[in-house]
Structures are given as structure tokens and as C-alpha cells.
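Asks: Right, I'll just put the structure down here and ask away after.
The values are calculated or read from the model by the stated rules, or taken from the named source; none is laboratory data. All values derive from a computational prediction rather than experimental measurement. Here the Cβ positions follow ideal geometry from the backbone for every residue, glycine too, while neighbour counts run over all protein chains shown. Each accessible area value is taken on the protein alone, full model and side chains, heavy atoms only, with ligands, DNA and RNA left out. Shrake-Rupley method; radii C 1.70, N 1.55, O 1.52, S 1.80 Å.
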Amino acid sequence: MPIAAVAPAEGAAAVVRLAAQGAAADVHLCNAYTLALADTEPRLHRLLSSATLNFPDGQGVVWANRLVHRDRTLPRARVYGPDLFLDVFRTGQTVGLTHYLLGSTREVLDALTAELTTRFPRARIVGTEAPPFRELTADERAAQAARIAASGAQIVWLGLGTPKQDHEAARLAALHPAVYVAVGAAFDFVSGNKPQAPAWMQRTGLEWLFRLCSEPRRLWRRVLWGHPRFLYAAFRPRTKGEGR
């Protein structure tokens, strides 16, 4: 699975550059759960293998990458979704990037828009959309893609949950040129809808514990199944010719 070995600032610069160029790109924030799912779901594995960019969103992904590739000098810090979100909004102001927010609820999107415009008064948010919590029909998908195209958005941020947001990022990138970033829980964190783990827990790789304690019913499988499966996928013996 190709994971971009970049520092956080480099990751944000890459997203801004792709958007300014008018590229059609799907960008994914990969944590242990994302990669565990990809190891068991061939469709998601193919999608991430051919993605424009996969960033190491989880600290465990960074550590595993450094252990597997001990012969290389790799960044120690992850490209954390909420930080990438804010960094791109901040630096994108200088080139006038246009943003579209897709996901969550109307209440969260309203709070998120207010927070972003307060922090980044020159940021250009050209559309927000809270889709229903179900699979869209073919007509609804077509109408959604048309709204995004009509908005003139250069970056579309997707907060739809894993792996739905990853599939949607790839699908939409194939329909209309823009940068589609599957950004995970950034909408909830930046809007203030959910608390973030303290900085020390993020640095030490314990954010999962904070989130599990905050939302045990929703996140138990992500931790109790996803983390062991990720470790198995990352470190299991490889057959001849099989890469990591």
C-alpha cells in the first residue's frame, strides 16, 4: 500500500498544489483501521493502491512504516486529518482556493463554516452539503456531482466516515476535476462537535484510547479488531515478490 512519506507541512503543500493546478485527485487519510479494512476488502485495497495520495493519519502507521523500512529516513510525525484540514484552509487563502464541505449534519456544517470563516476570513467556502445517512440513489449521486461542479470548488472535503468517504472521494474524482479529501473526523473536531484527545495522547499514539472512551459503542470494532488486524497486515511474513 503506497503511503506518502511526507512531513505535515509537505502534505498540506501537496494538496494546495494539486488544487491550484485543477487536478482530479483523491486523497485519503489512512489510519490503522483504514489499512486493516483494505487488507480484508479487495475493492478498498485496489482503490487505495491507485489513489493520488495516501497520508499516514495514524501515529501507529508512521511507526510501522519506520519499522518496516528501517533502511530509510522517514518522517516521525503523521499527517493528521484535522491539522491537514486547517493547514490547507490557511495556506489556501493566499491562492484563493475554493472549498466544498460534504458530510456530517447541517448543524455541524453550520458550526464548522462559522469556525472556519472566523479563523480564516479570506477562505472561500463555495458549498456545504449534509447528505442523508443512507446510500444515495443514482439520480441523487448525479445531482450531487452536478452541484459540486457548478460550485467551482477546487477542494471537496468529505467527512462521511471510513470507508464510505474513501469510495466517494475516488468516485467523484473520476466525474469532475477537483481534489477530493477523505478527511475523517475533522468536521466534528474543528466545529467543536466532539472533543479532541490531548496533545500528549496524540504524540504518544494514545488518541485511540481517548476516542474509544468517548464513543465506545461506535468505535469498539475499530480498536479491538482494527488495530490487531493492522499489525498482522503490516508485519506478517511476505512471500517472494510480495511488497510491503
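Asks: Quick one: GLY205 ticks every box in (1) touching a helix residue (DSSP H, G or I) at 6+ places or on another chain (Cβ under 8 Å); (2) within 25 Å of GLY103 (Cβ to Cβ); (3) in contact (Cβ under 8 Å) with a residue 60 or more places away in the chain except a single one, so which number is it?
Replies: The failed condition is (2).
Asks: Considering only residues that are touching a residue at least 24 places away in the same chain (Cβ under 8 Å) and more than 20 Å from LEU48 (Cα to Cα), which ones fall in region 11-26?
Replies: To start, the set of residues in region 11-26 that are touching a residue at least 24 places away in the same chain (Cβ under 8 Å) comprises 11-16, 18-20, 22-26.
Result: ALA13, VAL16, ALA20, GLY22.
Asks: Oh, and also: Which residues, taken from region 15-30, are under 15 Å from VAL183 (Cα atoms) and either in contact with a strand residue (DSSP E or B) (Cβ under 8 Å, 6 or more places away or on another chain) or loosely packed, with under 15 Cβ neighbours inside 10 Å (or both)? So that I can check it myself, show each step before the final result.
Replies: Filtering region 15-30 for residues under 15 Å from VAL183 (Cα atoms) gives 15-16, 25-30.
Result: VAL15, ALA25, ASP26, VAL27, HIS28, LEU29, CYS30.
Asks: Anything in region 190-200 that is crowded, with 20+ Cβ neighbours inside 10 Å and either without any contact (Cβ under 8 Å) to a residue 12 or more places away in the chain or within 23 Å of LEU53 (Cβ to Cβ) (or both)? List them, or say none.
Replies: Within region 190-200, the subset crowded, with 20+ Cβ neighbours inside 10 Å is 190-191.
VAL190 - this is the single residue of region 190-200 that is crowded, with 20+ Cβ neighbours inside 10 Å and either without any contact (Cβ under 8 Å) to a residue 12 or more places away in the chain or within 23 Å of LEU53 (Cβ to Cβ) (or both).
Asks: Identify, from the list ASP110, ASP57, ASP39, ASP71, the residue that is over 15 Å from the mean Cα position of the chain (by Cα) and either closer than 15 Å to PHE230 by Cα or of a type in the set (Val, Ile, Thr) (or both).
Replies: ASP39
Asks: Give me the pairs, please: first residue somewhere in region 79-98 and small (Gly, Ala, Ser), second residue anywhere and surrounded by 18 or more Cβ atoms within 10 Å (Cβ to Cβ) and assigned to a helix (DSSP H, G or I), beta-carbon distance under 8 Å, and either six or more positions apart or on two chains.
Replies: GLY81/ALA186; GLY92/VAL16; GLY92/ALA19
Asks: Now, a different point. For VAL156, indicate whether it is open to solvent by less than 10 Å² (accessible area, probe 1.4 Å), among the β-branched types (Val, Ile, Thr) and under 18 Å from SER191 (Cα atoms). Break it down stepwise before answering.
Replies: Numbers: open to solvent by less than 10 Å² (accessible area, probe 1.4 Å): yes; among the β-branched types (Val, Ile, Thr): yes; under 18 Å from SER191 (Cα atoms): yes.
Yes: the conditions hold for VAL156.
Asks: Quick check: anything in region 181-189 more than 17 Å from LEU86 (Cα to Cα), in contact (Cβ under 8 Å) with a residue 60 or more places away in the chain and surrounded by 21 or more Cβ atoms within 10 Å (Cβ to Cβ)? Give the steps one after another, and end with the answer.
Replies: Initial filter on region 181-189 (more than 17 Å from LEU86 (Cα to Cα)): none.
No; the residues of region 181-189 include none that is more than 17 Å from LEU86 (Cα to Cα), in contact (Cβ under 8 Å) with a residue 60 or more places away in the chain and surrounded by 21 or more Cβ atoms within 10 Å (Cβ to Cβ).
Asks: Could I ask something else about it? Within region 108-130, work out how many residues are among the acidic types (Asp, Glu) and touching a residue at least 24 places away in the same chain (Cβ under 8 Å).
Replies: Restricting attention to region 108-130, the residues satisfying the condition of being among the acidic types (Asp, Glu) are 110, 115, 129.
Right, trim to touching a residue at least 24 places away in the same chain (Cβ under 8 Å) and you get 115, 129.
Final tally of qualifying residues: 2.
Asks: Just to be sure I understand, how many residues within region 14-48 are under 15 Å from HIS99 (Cα atoms) and of a type in the set (Lys, Arg)? Quick ask: steps written out before the conclusion?
Replies: Step one: list which residues in region 14-48 are under 15 Å from HIS99 (Cα atoms), which gives 15-27.
Those left that are additionally of a type in the set (Lys, Arg): 17.
Count: 1.
Asks: Here is a further query. Can you find a residue that is hydroxyl-bearing (Ser, Thr, Tyr), open to solvent by 20 Å² or more (accessible area, probe 1.4 Å), part of a loop (DSSP other than H, G, I, E, B) and touching an Asp or Glu at 6+ places or on another chain (Cβ under 7 Å) anywhere in region 52-75?
Replies: Within region 52-75, one or more residues are hydroxyl-bearing (Ser, Thr, Tyr), open to solvent by 20 Å² or more (accessible area, probe 1.4 Å), part of a loop (DSSP other than H, G, I, E, B) and touching an Asp or Glu at 6+ places or on another chain (Cβ under 7 Å).
Asks: Only one of THR34, THR52 is of a type in the set (Val, Ile, Thr), modelled with pLDDT of 95 or more, within 15 Å of the chain's Cα centre (by Cα) and more than 29 Å from VAL95 (Cα to Cα); which?
Replies: Numbers: THR52 fails: more than 29 Å from VAL95 (Cα to Cα).
After applying the criteria, what remains is THR34.
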